[in-house]
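Colleague: Handing you a structure now.
The values are calculated or read from the model by the stated rules, or taken from the named source; none is laboratory data. Just so it is clear, the model here is predicted, and its values are computed rather than measured. Cβ: placed from backbone, ideal geometry, glycine included. Neighbour counts: every protein chain shown.
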Amino acid sequence: MSILRIPLTAGLFLALPLAALADPQSECSVDATSQIEIGTCLETAARLADATVQSALEFALQSAQELDDVTGRKSSVPALTTAQAGWEAYRTAHCDFVGTTYGGGSGTGIAIQSCRIALARARADDLMRYVQ
């Protein structure tokens, strides 16, 4: 990927509407009338959020590789790979915890999915800070 494409892509991430930064459950509750509809909406939002993280990670890895190439060190890519694995473990553990706060009620799955989406959005934003 060309370095010239990175600022354009970064700009696209920054151009997300404010609704993209809102609580996922609230976003899905606007048009949904049941937990099933909210769950379906959240599944779609989760796929998009995860794809966004993957895209941002690819850009960040490319920048890390360029840094490693320029400095002659092999430290940025492995560090980012380790950080991403740690983030994935954190997201799973934290969102599972959030689910426990619902006491096994019917909103547990919605809470877990909303948590995963919110953290994915934040992770994509964080990863894009390291794209050069």
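Colleague: So how many residues does segment 27-62 have that are charged (D, E, K, R) and within 28 Å of THR82 (Cα to Cα)?
Modeller: 4
Colleague: If you don't mind, there's one more thing I want to ask. List, please: which pairs have Cβ atoms under 8 Å, are six or more places apart or on different chains, and start with a residue in segment 115-129 that is closer than 18 Å to THR81 by Cα and end with one that is aromatic (Phe, Trp, Tyr) and surrounded by 19 or more Cβ atoms within 10 Å (Cβ to Cβ)?
Modeller: LEU127/PHE59; MET128/PHE59
Colleague: Right, another one. Looking only at segment 74-81, decide whether some residue is modelled with pLDDT under 95 and either aliphatic (A, V, I, L, M) or in a helix (DSSP H, G or I) (or both).
Modeller: no
Colleague: Tell me, which residue of segment 82-118 that is in a helix (DSSP H, G or I) and aromatic (Phe, Trp, Tyr) is surrounded by the most Cβ atoms within 10 Å (Cβ to Cβ)?
Modeller: Checking each candidate, the answer is TRP87.
Colleague: Here's another thing I want to ask about it. Specify which of the listed residues (THR52, THR33) is modelled with pLDDT of 90 or more and among the β-branched types (Val, Ile, Thr).
Modeller: After ruling out the rest, the residue left standing is THR52.
Colleague: Is it the case that segment 64-76 has a residue that's within 17 Å of SER26 (Cα to Cα) and of a type in the set (A, V, I, L, M, F, W, C)?
Modeller: Within segment 64-76 (the criterion being within 17 Å of SER26 (Cα to Cα) and of a type in the set (A, V, I, L, M, F, W, C)), the answer is no, since none of the residues qualifies.
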